[in-house]
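**Student:** Starting off with a structure, shown below.
All of the numbers you see were taken from the coordinates with simple rules; none came from a lab. Computed from a prediction, not measured in an experiment: that's the story for all the values here. Neighbour counts run over all protein chains shown; Cβ positions are idealised from the backbone, glycine included.
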Amino acid sequence: MRKVHIDTDCRLAMTVAFRKVASRNKGEFDPRKFLKPAMDAMRDLCRERFEQFGTAGKAAKIKVIPLSEMARRYRSGALDPRVGDLTTAAE
């Protein structure tokens with residue numbers, strides 16, 4: 001399993017879009033004029049990253065777990081963080 005954080009990239013993409021709208025029309029104050037291009041920029045960035053990381057088109061493989069099952073796992077401690085339970089190549 002691999003996890004790649006792209007939150008900073010997403011925030012930067014949205015910030016660039018906000019700044020473009022603000023610089024093109026200094027009197028603009030309608031949040032929708034800022035949010036639409038910002039969300040489009042974030043969507044495009046996510047699509048690009050998913051393709052770069054080889055994860056595009058794999059959402060159907062994700063098994064949906066009902067909320068009740070997740071609550072049961074949290075209560076049981078099954079989802080508690082564990083340190084040192086991963087085997088290393090040396091073992």
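**Student:** Give the calculated FRET efficiency between E69 and R11 to the nearest 0.05, with a Förster radius of 41 Å applied to their Cβ-Cβ distance.
**Tutor:** On the way: r = 32 Å, r/R0 = 0.78.
Here the calculated transfer efficiency is 0.80.
**Student:** Could I ask something else about it? Can you pull the one-decimal nm distance between simple spin-label points at R47 and I62, each 7 Å off the Cα toward Cβ?
**Tutor:** 1.8
**Student:** In debye, nearest 20: dipole of the chain around its Cα centre with unit charges on the Cβ of K, R (+) and D, E (-)? Walk me through the numbers before you get to the answer.
**Tutor:** Details: 20 positive and 12 negative charges, 71 e Å.
Approximately 340 debye in magnitude.
**Student:** Starting with the highest mean, order 19-30, 53-64, 34-45 by the number of other Cβ atoms within 10 Å, averaged over the residues of each peptide. Working shown, then result.
**Tutor:** Details: 19-30: 10.7, 53-64: 8.3, 34-45: 15.6.
Ranked by mean Cβ neighbours within 10 Å, highest first: 34-45, 19-30, 53-64.
**Student:** Find the relative contact order for the chain and round it to a whole percent, using C-alpha pairs within less than 8 Å whose residues are 6+ positions apart. It would help to have the intermediate numbers written out before the result.
**Tutor:** On the way: 33 pairs, mean separation 20.8, N = 91.
Relative contact order of the chain: 23 percent.
**Student:** Hey, another quick one. Quick check: from the Cα gyration tensor, does the chain come out rounded (a/c under 1.5), prolate or oblate?
**Tutor:** Details: a/c = 2.67, a/b = 2.11, b/c = 1.27.
The shape class here is prolate.
**Student:** Treating cross-link reach as a plain straight distance, find the lysines whose alpha-carbon is under 18 Å from the alpha-carbon of K63, omitting any fewer than eight places away in the same chain.
**Tutor:** K3
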